[in-house]
Amino acid sequence: MSTVAAYAAPAAKAPLERTTIERRPVGESDILIDIKFAGICHSDIHQAREGWGEAIFPMVPGHEIAGVVTEVGAGVTKYTVGDRVGVGCFVDSCRECEYCRQGLEQYCVKGNTATYNALDKNGEPTYGGYSTHVVVDENYAVRIPDSLSLDVAAPLLCAGITTYSPLRHWNAGPGKKVAVLGMGGLGHMGVKIAHAMGAEVTVLSQSLRKREDGLKLGADHYYATSDPKTFEELAGTFDIILSTVSAPLDFAAYLSLLKTDGALVNVGAPEEPVSLNLFALLGGRKTLAGSMIGGIAETQEMLDFCAEHGFGAEIELIRADQINEAYERVLSSDVRYRFVIDTSTI
Ligand SMILES: [Zn+2]
Ligand SMILES: [Zn+2]
């Protein structure tokens, strides 16, 4: 065991504070990562405040981790000391089920082990990236290409893969019209990735406040959903709508913007169940779908794709003592577009 510094929520809804935690010894297939940067994901806040149900405290959030390998276990084959690596939303899975075998560990039938707010195989709590070091099995880390700075790479580990995976799965690319609903941490990555895939990209945002940014990041069009004319003008337009919002939506209204055979894919979910008249799907053979993060191999593919196209996330770099303030700003959508903690300040 080694004692390392971290920022933790001591209890639900309590502000995060500096503390120390124990990391497990570096096992046979483990790597020790000196964490350089950790992104702040909206789900960190949900969990630290028990918005998604009972949680484990103290909690060290953070599943957008970028750092450098400083020690490797005797059986490690993929990484050596000095390699630049990332860790995303999970750090283990059963490795045997049909989904794990296909590289879809995010859908492991036994459930994967979340990077924080979970218990590992030995029943020990997992602690996330708001920390100076983490020990992780080499099979659950990914390589960060040299051309990507670690700070802008960190948010790719959740926001990047969460938008990349459905865009790939539903075949975003040349000749396809993709709408990205919401222009926040996830949405801004959706715009960059869909554009880089060659799709024609439209942002659907509540207002036109971030229009200039959206166009700069690769959107071809930008509409305000608060304007009823948007829905008239864009009826039957899109092959794919990627919804990154977790506020309750008028799903029928958004489904009306799809072409025949179009898909409305949710990567965010409202806390309350939704009701929908299914005729909104029948006419036009439409799909209402969901998608959750991505597997390890696909996360590597996404990082390589971003490096090849020369982009990471748009970030605001903060010190660890600004985390609580950053949480408030995330809740009021006052961030362009991802807070990233410089973990050397912990
Ligand atoms: Zn996340
Ligand atoms: Zn599995």
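Values for this structure:
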| item | result |
| --- | --- |
| Residues that are open to solvent by 20 Å² or more (accessible area, probe 1.4 Å) and touching a helix residue (DSSP H, G or I) at 6+ places or on another chain (Cβ under 8 Å), drawn from the range 226-243 | Phe231 |
| Unique match (being hydrophobic (A, V, I, L, M, F, W, C) and over 14 Å from Tyr130 (Cβ atoms)) among Ala12, Ala38, Ala48 | Ala12 |
| Candidate set from the range 1-57 (those that are out of contact with any Asp or Glu (no Cβ under 9 Å at 6 or more places or on another chain), open to solvent by less than 40 Å² (accessible area, probe 1.4 Å) and in a loop (DSSP other than H, G, I, E, B)); member that is modelled with the lowest pLDDT | Gly53 |
| Single match in Thr132, Thr80 (criterion: within 28 Å of Phe339 (Cβ to Cβ), of a type in the set (Val, Ile, Thr) and modelled with pLDDT of 95 or more) | Thr132 |
| Exclusive hit being within 16 Å of ligand 2 (Cβ to nearest atom) and at pLDDT below 95, set Lys121, Lys110 | Lys121 |
| Test result for Gly67, of a type in the set (Gly, Ala, Ser), surrounded by 15 or more Cβ atoms within 10 Å (Cβ to Cβ) and within 16 Å of ligand 1 (Cβ to nearest atom) | no |
| Top-ranked residue of the range 71-89 - restricted to ones that are away from ligand 1 (no atom under 16 Å from the Cβ) and not in a loop (DSSP other than H, G, I, E, B), ranked as farthest from Asp34 (Cα to Cα) | Val72 |
| Any hit, the range 156-166, residues being away from ligand 1 (no atom under 16 Å from the Cβ) and among the polar types (S, T, N, Q) | no |
| Of residues in the range 90-116 being within 16 Å of ligand 1 (Cβ to nearest atom) and hydroxyl-bearing (Ser, Thr, Tyr), the one farthest from Ala313 (Cα to Cα) | Thr113 |
| Flag for Glu96 being closer than 18 Å to Ile293 by Cβ and modelled with pLDDT of 95 or more | no |
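The values are calculated or read from the model by the stated rules, or taken from the named source; none is laboratory data. What you are looking at is a predicted structure, and each value in this text was computed from that prediction instead of being measured. As a convention, Cβ positions derive from the backbone with ideal geometry for all residues, glycine included, and neighbour counts pool all protein chains shown. Surface areas here come from the heavy atoms of the whole protein model, side chains and all, with no ligands, DNA or RNA. Shrake-Rupley method; radii C 1.70, N 1.55, O 1.52, S 1.80 Å.
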